[in-house]
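Working notes, structure below.
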Amino acid sequence: MKILVADKISSIGVDFLKQQEGFEVVEAYGTFKEDYSKFLELAKGAAAIIVRSDSKVNREVFEAAAPSLKAVGRAGVGVDNIDSEAATDFGVVVMNTPGGNTIATAELTFTHMLCGARPVAQAAQSMREGRWDRKIYGGSELFKKTLGICGMGRIGAEVAKRAKAFGMTVLAYDPYLSASKAEAMGVHQVELDKLFRESDYITVHMPLTDATRGMINKKSIATMKDGVRLFNCARGGIIDEDALLEALESGKVAAAGLDVYTSEPPAEDHPFRKQKNLNLTPHLGASTEEAQESVGLEIAESVTSVLRGGGIRNAINMPSLDEQTLKTVGPYLELCSALGSLVQQLALDKVEKVKITYSGKVVDLDANSLTRGILKGFLKDVSSNVNFVNALVIMERLGIQVDVLKSSEETDYTELIKVEAVCVNGENVSAEGTLIGKGNSPRIVSVNGREVEVEPHGCMLVLANSDELGIVGKVGSIIGKDGVNIAAMSLSRNEVGGIALNIACLDSEPSDAALAEIKSIDAVKQAKIVHL
């Protein structure tokens, strides 16, 4: 499998990949910018592409690499240089390394805060120029000041720890931060407008989204304290650069520090470069030896895990599936895929809704992974290149509603998964399954409400017929004459003389002529070959 390392990552990560059996590592540093056509050529046949921030993995790259591409890894946090929507369309998992540069970025943020409080950079420059400007480079203390942190993820939390050590009061805004977590961290959870009004220092640690783009702008700056200090080591564009420049020039903002910019690098004549109360660094958030080694090795390990069929860590476009979760849900995934595929193949009309019900012990498992497994099975004969990444998106695009229910009702099994396809003609097709024995073997235990016991493997003949004498014999005779062996059979009926269900597991698929002969039997209402 070819691994295209498009941007330079730690040699430790590259060496790890080179040590993996069956991997071909192609190092193509700078190729994206220097020779884009060559980059696209190198992407062909790649199983994984690893980037930092220089190379962009756009839709054209995904098209070039399809269908071999399975994973794109970002050695860093931000993934705005990766088209995640295109990745999902092509069934490619996108991963980043949110933990590897946490300390490095938190420490850089605090460095900017200290330099915003004390003009260290400016004073150092004056010393290099031979001056002794002790009196003009006064500053302020962080002690007893209020720090507002926008975004309390890993980095925001580390900044909060350091701020508290400096004796600062910390206000935190994060829509996903629970009250108990905020209390445990010793921060005051507030709404954004309150944070803006009451903070002496404000730092942002949020992703760049439509909601956060320009979040700190002319209007919000106007609500802040006079002399507030602003810092951004997260993503360029969260702070409106024109508004910040105006506020720095007017003195509304006493000082600021930026490590990221709307356009990188900023133009040589960008007015930021001449602003004396603004400290600028060239996107150094993860630029420590320790962080580079950490993110390089972490993304190499994550990509390897995906390509080897293991856990999926730090996925951007699907729920992560770590090794422990995979170990727990793994035995169910074959069953889920079989149930989804079975109801799709048995549906006689267009399906408008898929209803999934989890009962018993299975309700405590990762339902998202199980659901994706069911949908993957449902779509395997409907759409090409379906996998766990894009199954849900494909269902949405097909206009098929997916309903998931965790039921507390008692069943005949300690754990049960039911999949029901609701057709546009009002007819429903359902299948239920569970795991049995110490080996956790998958079993289909019900089809359309009829009790059966079927191993979901290979070719099966699903037969619905009037409950009459001799039907099983007739069908068996036809299949036998066709040279097909019946490996197993499960029979069920709703009542004597009613409609019987017969599922025969076959060693091979019968001919069209044999299937036509079976369908010609008067008592046969439906005969369908399915492949699981």
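The values are calculated or read from the model by the stated rules, or taken from the named source; none is laboratory data. Because the structure is predicted, anything quoted here is derived from the model rather than measured. Here Cβ is always computed from backbone atoms with ideal geometry, including for glycine, and neighbour counts include all displayed protein chains. The area values use the complete protein model at the heavy-atom level, side chains included, leaving out ligands, DNA and RNA. Shrake-Rupley method; radii C 1.70, N 1.55, O 1.52, S 1.80 Å.
One residue stands out in the range 287-298 among those that are of a type outside the set (Asp, Glu), in contact with a helix residue (DSSP H, G or I) (Cβ under 6 Å, 6 or more places away or on another chain) and not in a loop (DSSP other than H, G, I, E, B): the one that is nearest to residue 247 (Cα to Cα), namely 291.
Name the residue that is modelled with the lowest pLDDT, counting only residues in the range 162-179 that are in contact with a strand residue (DSSP E or B) (Cβ under 7 Å, 6 or more places away or on another chain) and part of a loop (DSSP other than H, G, I, E, B).
The extreme case among them is 177.
Of all residue pairs spaced 6 or more apart or on separate chains, those with beta-carbon atoms under 7 Å, a first member in the range 391-416 that is touching a residue at least 12 places away in the same chain (Cβ under 8 Å) and a second member that is open to solvent by less than 80 Å² (accessible area, probe 1.4 Å) and of a type in the set (Phe, Trp, Tyr) are 406/358; 407/358.
Check the range 26-38 and report whether any residue there is open to solvent by less than 50 Å² (accessible area, probe 1.4 Å), in a loop (DSSP other than H, G, I, E, B) and either under 26 Å from residue 12 (Cα atoms) or not hydrophobic (A, V, I, L, M, F, W, C) (or both). The answer is yes, given that some residue of the range 26-38 is open to solvent by less than 50 Å² (accessible area, probe 1.4 Å), in a loop (DSSP other than H, G, I, E, B) and either under 26 Å from residue 12 (Cα atoms) or not hydrophobic (A, V, I, L, M, F, W, C) (or both).
Going through (1) open to solvent by less than 10 Å² (accessible area, probe 1.4 Å); (2) closer than 30 Å to residue 186 by Cα one by one, residue 96 falls short only on (1).
Taking the criterion of being within 18 Å of residue 345 (Cβ to Cβ), open to solvent by less than 20 Å² (accessible area, probe 1.4 Å) and modelled with pLDDT of 90 or more, would at least one residue in the range 476-497 satisfy it?
Kept after step one, since they are within 18 Å of residue 345 (Cβ to Cβ), are these residues of the range 476-497: 490.
Okay, now just the ones that are also open to solvent by less than 20 Å² (accessible area, probe 1.4 Å), so 490.
Retained after the next criterion (residues that are modelled with pLDDT of 90 or more): 490.
Scanning the range 476-497 turns up at least one residue that is within 18 Å of residue 345 (Cβ to Cβ), open to solvent by less than 20 Å² (accessible area, probe 1.4 Å) and modelled with pLDDT of 90 or more.
Residues in the range 102-123 that are open to solvent by 10 Å² or more (accessible area, probe 1.4 Å), touching a residue at least 60 places away in the same chain (Cβ under 8 Å) and either within 30 Å of residue 60 (Cβ to Cβ) or hydrophobic (A, V, I, L, M, F, W, C) (or both): 5 in all. Residue 410 meets each of the listed conditions (1) in contact with a strand residue (DSSP E or B) (Cβ under 7 Å, 6 or more places away or on another chain); (2) open to solvent by 60 Å² or more (accessible area, probe 1.4 Å) apart from (1).
Among the residues of the range 299-321, the one identified as part of a helix (DSSP H, G or I) and in contact with a helix residue (DSSP H, G or I) (Cβ under 6 Å, 6 or more places away or on another chain) is 300. Listed by first and then second residue, the pairs with beta-carbon distance under 8 Å, at least 6 apart or on different chains, first residue in the range 496-509 and hydrophobic (A, V, I, L, M, F, W, C), second modelled with pLDDT under 90 and surrounded by 21 or more Cβ atoms within 10 Å (Cβ to Cβ), are 499/465; 500/465. Just to be sure, is residue 48 at pLDDT 95 or above, crowded, with 17+ Cβ neighbours inside 10 Å and small (Gly, Ala, Ser)? Yes: the conditions hold for residue 48.
Let me confirm something: among 500, 464, which residue is crowded, with 16+ Cβ neighbours inside 10 Å, closer than 17 Å to residue 346 by Cα and touching an Asp or Glu at 6+ places or on another chain (Cβ under 6 Å)? Please lay out each step first, then the result.
Values: 464 fails: touching an Asp or Glu at 6+ places or on another chain (Cβ under 6 Å).
Going through 500, 464 in turn, just one is crowded, with 16+ Cβ neighbours inside 10 Å, closer than 17 Å to residue 346 by Cα and touching an Asp or Glu at 6+ places or on another chain (Cβ under 6 Å): 500.
The condition of being touching a Ser or Thr at 6+ places or on another chain (Cβ under 8 Å) and either part of a strand (DSSP E or B) or at pLDDT 85 or above (or both) holds for only one of 333, 375, 342, that being 333.
Quick test of your reading of the structure: residue 84 fulfils all but one of (1) modelled with pLDDT under 95; (2) open to solvent by 20 Å² or more (accessible area, probe 1.4 Å); (3) over 22 Å from residue 387 (Cα atoms). Name the failing condition by number. Condition not satisfied by residue 84: (3).
Under the condition of being touching a Phe, Trp or Tyr at 6+ places or on another chain (Cβ under 9 Å) and either surrounded by 20 or more Cβ atoms within 10 Å (Cβ to Cβ) or aliphatic (A, V, I, L, M) (or both), the residues counted in the range 154-172 number 3.
Would you confirm whether or not the range 426-434 contains a residue that is part of a strand (DSSP E or B), at pLDDT below 90, farther than 30 Å from residue 320 by Cβ and open to solvent by less than 40 Å² (accessible area, probe 1.4 Å)?
no
Restricting attention to the range 436-446, does a residue exist that is at pLDDT 90 or above, loosely packed, with under 15 Cβ neighbours inside 10 Å and in a loop (DSSP other than H, G, I, E, B)? Looking for residues that are at pLDDT 90 or above, loosely packed, with under 15 Cβ neighbours inside 10 Å and in a loop (DSSP other than H, G, I, E, B), one finds none in the range 436-446, hence no.
Listed by first and then second residue, the pairs linking a residue in the range 1-18 that is among the acidic types (Asp, Glu) to a residue that is assigned to a strand (DSSP E or B) and open to solvent by less than 50 Å² (accessible area, probe 1.4 Å), with Cβ atoms under 6 Å apart and 6 or more places separating them unless they lie on different chains, are 7/51.
Identify the residue in the range 447-461 that is within 19 Å of residue 348 (Cα to Cα) and not polar (S, T, N, Q) and, among all such residues, is surrounded by the most Cβ atoms within 10 Å (Cβ to Cβ). Looking at residues that are within 19 Å of residue 348 (Cα to Cα) and not polar (S, T, N, Q), I get 460.
When residue 151 is tested against the conditions (1) more than 24 Å from residue 262 (Cα to Cα); (2) at pLDDT below 95; (3) open to solvent by less than 10 Å² (accessible area, probe 1.4 Å), the lone failure is (1).
Would you mind stating whether residue 50 is in a helix (DSSP H, G or I) and more than 28 Å from residue 274 (Cα to Cα)?
Numbers: in a helix (DSSP H, G or I): no; more than 28 Å from residue 274 (Cα to Cα): yes.
Judged against the criteria, residue 50 is not a match.
Within the range 8-25, the set of residues being part of a loop (DSSP other than H, G, I, E, B) and either surrounded by fewer than 21 Cβ atoms within 10 Å (Cβ to Cβ) or out of contact with any helix residue (DSSP H, G or I) (no Cβ under 8 Å at 6 or more places or on another chain) (or both) comprises 8, 19, 20, 21, 22, 23. In the range 442-460 there is no residue that is more than 22 Å from residue 529 (Cβ to Cβ), touching a residue at least 24 places away in the same chain (Cβ under 8 Å) and within 29 Å of the chain's Cα centre (by Cα).
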